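J.: Okay, here's the structure, questions in a sec.
Please treat every number below as a calculation from the coordinates, not as lab data. Computed from a predicted model, the values in this text were never measured in an experiment. When we count neighbours, we look across all protein chains shown, and the Cβ atoms used for this are built from the backbone with ideal geometry, even at glycine.
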Amino acid sequence: DAKTTQPTSMDCAEGRAANLPCNHSTISGNEYVYWYRQIHSQGPQYIIHGLKNNETNEMASLIITEDRKSSTLILPHATLRDTAVYYCIVKTSGSRLTFGEGTQLTVNP
Amino acid sequence: GAVVSQHPSWVICKSGTSVKIECRSLDFQATTMFWYRQFPKQSLMLMATSNEGSKATYEQGVEKDKFLINHASLTLSTLTVTSAHPEDSSFYICSARSEGGGNQPQHFGDGTRLSIL
């Protein structure tokens, strides 16, 4: 599975959009981009995933560049409860999730 | 939908005892379940993958005789930490993937915090 690179930490003001970047320059054509988050002392929570088209659900939007070498997770109106570690994971269909260090997002009041 | 329940959420026991952790998919059937371990300030590390009705596949460095995994049904997998010692103290998290498999996301339980005295 392709390696991903994420910033170690980010800050965002409450009510503003949080844009979390992820680089996956070695992604192959059959690999999906998945986003999970982990709030302190809880299990990871699935957010969204995509292959090449942009995706949106009730939690977030996923923007994947045309060359698929990077993506951005967008939380449109961040709240304090969105403070968590966000993981960007690239993997093929059926393979297992391997977690990196992720991005610690802190939403400030 | 896609709820995974893990029990117990917290357990403290004496060194040398065995501890069983249950992972259930409540509203879907899970062909595959996964067990992870997480130490403080570290990321999740995959321990093993289990498929219903077959033996689990363990990651390198994980002792299969110490961490017994049973996936007897499409909604239940158990992890038994045998003869637990203080170094086994950790946060254990299970996840499950639906029968749709493929690119379906894994859904996680809330974890079990295990403390061995």
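J.: Is there a pair in A:3/B:41; A:52/B:64; B:41/B:64 whose C-alpha atoms are over 32 Å apart, and which pairs would that be?
T.: Working: A:3/B:41 21 Å; A:52/B:64 38 Å; B:41/B:64 25 Å.
Cα-Cα > 32 Å for A:52/B:64; rest within.
J.: Counting pairs of Cα atoms in chain B, how many percent are more than 25 Å apart? Before the final figure, lay out each step's value.
T.: Working: 1091 of 6786 pairs.
Tail fraction, whole percent: 16.
J.: For the protein assembly as shown, just list the percent of Cα-Cα distances falling in each 5 Å bin from zero outward, please.
T.: Percent of pairs per bin, in order: 1, 7, 14, 18, 18, 16, 12, 8, 4, 1, 0.
J.: So for each of A:48-61, B:78-91 I average, over its residues, the number of other beta carbons within 10 Å; can you give me the resulting order with the highest mean first? Intermediate values should be presented prior to the final figure.
T.: Numbers: A:48-61: 14.6, B:78-91: 16.8.
Top to bottom by mean Cβ count within 10 Å: B:78-91, A:48-61.
J.: Counting other C-beta atoms within 10 Å, which of B:24, A:37 has the fewest, and how do the rest follow? Don't skip to the answer; put the middle values down first.
T.: Numbers: B:24 19, A:37 23.
By the 10 Å Cβ count, ascending: B:24, A:37.
J.: Ratio of Rg to Rh for the range B:50-98, alpha carbon only, Kirkwood? All intermediate terms of the calculation are to be shown ahead of the outcome.
T.: Working: Rg = 11.5 Å, Rh = 11.9 Å.
Computed over Cα atoms, the ratio is 0.96.
J.: Please arrange B:4, B:11 by counting, for each residue, the other beta carbons lying within 10 Å of its beta carbon, fewest first.
T.: Numbers: B:4 25, B:11 18.
So the ranking, lowest neighbour count to highest, is B:11, B:4.
J.: Write down the Kirkwood hydrodynamic radius of chain A, to one decimal in angstroms, obtained as one divided by the mean of 1/r over all alpha carbon pairs. Show your work: numbers first, answer last.
T.: On the way: mean 1/r = 0.0724 Å⁻¹.
The answer is 13.8 Å.
J.: Rank the residues B:37, A:16, A:96 as a footprinting-exposure proxy: fewest other Cβ atoms within 10 Å of their Cβ go first.
T.: Values: B:37 22, A:16 13, A:96 19.
With the fewest neighbours first, B:37, A:16, A:96 line up as A:16, A:96, B:37.
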